[in-house]
Amino acid sequence: MRTSHPDIHAAGDVANAFHPLLGKHIRVEHRANAVNQPHVAAKAMLGQDVAYDRVPYFFTDQYDLGMEYTGYVEPGGYDQVVFRGRRDTREFIAFWLAEGRVLAGMNVNVWDVTDPIRDLVTSRRPVDAKRLADSDVPLAHLLGRPDTTA
Ligand SMILES: Cc1cc2nc3c(=O)[nH]c(=O)nc-3n(C[C@H](O)[C@H](O)[C@H](O)COP(=O)(O)OP(=O)(O)OC[C@H]3O[C@@H](n4cnc5c(N)ncnc54)[C@H](O)[C@@H]3O)c2cc1C
């Protein structure tokens, strides 16, 4: 959150911040960033050794579609899109993958799945695309956590 000037910090839409997980600077112009980055900027101002490493996230409601996007992928930065759920009734999750690893997921009219999607993104583990597409396989099972149902 610290700029090239040691006494100037930035958070929210204006910040093009280095993201440790992604290894690059990104600008995430969404509410979650504006809410969560200032805490880190404040700690940095106090001299603490901190980094903003939350996985990018946003929500949006478009008429009857409610969506949450977790992760980060650029155009051309993926080689596969896997759908889980029903596209015909517009209740599904879309996953963007590269070399079998989940880079981002967008849940559409499906709820309470942000945590396991974020875990899939941060794990960087290759996942089986067929199991990822199978709604009967809990997302956490793809991370080797068979005792969870989410
Ligand atoms: C139409 C719309 C819909 C959106 N929908 C969603 C959504 O569904 N989900 C989501 O996650 N995000 C959404 N966003 C994005 C979200 O609103 C922004 O990411 C968030 O508000 C950014 O907050 P911020 O504090 O970084 O910037 P801002 O909210 O832009 O605040 C910056 C403030 O700085 C002030 N300012 C500018 N220049 C100066 C100056 N020189 N001196 C003093 N003050 C100054 C401005 O007046 C403003 O009040 C939406 C944005 C828009 C415009």
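Bear in mind these aren't lab numbers, they're just calculated from the coordinates by the rules spelled out. Owing to the predicted nature of the structure, the values given are computational and were not obtained by experimental measurement. Every residue, glycine among them, receives a Cβ derived from its backbone with ideal geometry; neighbour counts consider all protein chains shown.
Starting from the Cα of HIS5, step 7 Å along the direction of its Cβ; do the same at ALA42; then give the gap between the two resulting points in nm.
Simple spin-label model gives 2.3 nm for this pair.
Could you work out which residue, out of GLN62, GLN80, GLN37, moves most in a Gaussian network model of the chain, that is, has the largest mean-square fluctuation with Cα springs under 10 Å?
Ranking GLN62, GLN80, GLN37 by mean-square fluctuation puts GLN62 first.
Under a Cβ-only charge scheme (Lys and Arg +1, Asp and Glu -1), can you give me the dipole magnitude of the range 57-143 about the Cα centre, in debye to the nearest 20?
About 260 debye.
Given the range 1-54, report the % of alpha carbon pairs whose separation exceeds 19 Å.
Looking at the range 1-54, the distances longer than 19 Å represent 16 percent of pairs.
Relative to the longest principal axis of the C-alpha atoms of the chain, give the angle of the C-alpha long axis of helix 31-45, reported between 0 and 90° and rounded to the nearest 10°.
It works out to around 40 degrees.
Relative contact order for the range 1-123 using alpha-carbon pairs under 8 Å, separation at least 6, rounded to a whole percent?
Across the range 1-123, relative contact order equals 17 percent.
Kirkwood-based Rg over Rh for the range 57-143 (C-alpha set), two decimals?
Using Cα coordinates only, the ratio equals 0.93.
Length gain on complete extension for the stretch ALA32 to ARG87, per 0.36 nm per residue less the alpha carbon to alpha carbon distance?
In short, 17.1 nm is gained.
Go through the range 37-109 and name the GluC sites (Glu not before Pro) that are in a DSSP coil and have 16 or fewer other Cβ atoms within 10 Å of their Cβ.
GLU99
How much length is gained if the chain between SER135 and ASP61 is pulled fully straight, taking 0.36 nm per residue apart and subtracting their Cα-Cα distance, in nm to one decimal?
24.3 nm
Can you tell me the Rg and the Dmax, both Å, for the Cα atoms in the chain?
Taking only Cα atoms of the chain, I get Rg and Dmax of 16.9, 52 Å.
Could you size up the charge dipole of the chain around its Cα centre, putting +1 on the beta carbon of Lys and Arg and -1 on that of Asp and Glu, and report it in debye to the nearest 20?
280 debye
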